[in-house]
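Only the coordinates and a few stated rules stand behind these numbers; no lab work does. Note that this is a predicted model, so its numbers are computed, not measured. Note that each Cβ is placed from the backbone with ideal geometry, even for glycine, and that neighbours are counted across all protein chains shown.
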Amino acid sequence: MSERYDEALDELRTLAHEIRREGSDSGYGYFPGGDPRDFSPDPDASTEAERTAHKVACDAWDRGERPVTPGPHEHFQEGETNGWITRSFFGLGVYNMEDPDLLAWADTIERCVERLENE
């Protein structure tokens, strides 16, 4: 293969890696919303009631139900007062978030690179 071809494959590999990195994120904080199974309450930073609420929400998702548990930030405005409220439905903990579209794009690029390498 030519040097330019190899450089193009390297750029595609880098692009796929960066897209995959952007498509998946982990952090520590409040439940960001979405699938509660992607959140693990910290036993040292959540109450028993919050951990129970988390288990109930996860069990519902396992049954195929999709109850809406909003993210932690809620905007409010009362007259001239304007602000944000932070609610802790499940306490603090570790969350994982994925963007399925970005991960699928990374998969597609990686498959294309593999096909080109095998030619």
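In order along region 82-90, the phi-based Karplus estimate (6.51 cos²θ - 1.76 cosθ + 1.60, θ = phi - 60°) of 3J(HN,Hα) comes to 9, x, 10, 10, 9, 10, 10, 6, 10 Hz; Gly and Pro are listed as x. To the nearest 10 degrees, how steeply does helix 3-22 sit against the main Cα axis of the chain, on a 0 to 90 scale? Helix 3-22 sits at roughly 10 degrees to that axis.
For the chain, the longest principal axis of the alpha carbon atoms and the long axis of helix 48-62 meet at an angle near 50°. Could you please report the charge total around A106, scoring K, R as +1 and D, E as -1 over all other residues with beta-carbon less than 12 angstrom from its beta-carbon? Surrounding charge for A106 is -3. Residue order for T81, T69, fewest other beta carbons within 10 angstrom first, comes to T81, T69.
Each Cα pair under 8 Å and six or more residues apart adds its separation to the average, and for the chain the resulting relative contact order is 42 percent.
For region 10-119, the residue among L92, P41, A53 whose Cα projects farthest onto the positive side of the dipole built from Cβ charges is A53.
If you look at the Cα atoms of region 52-119, you get an Rg and a Dmax of 20.3, 67 Å.
Against the set [x] 71, 37, 24; [y] 64, 41, 28; [z] 64, 29, 21, the structure's computed Cα extents along the principal axes in Å falls on [y].
Each Lys and Arg adds +1 at its Cβ and each Asp and Glu adds -1 at its Cβ; summed about the Cα centre, the chain shows a dipole of about 500 debye.
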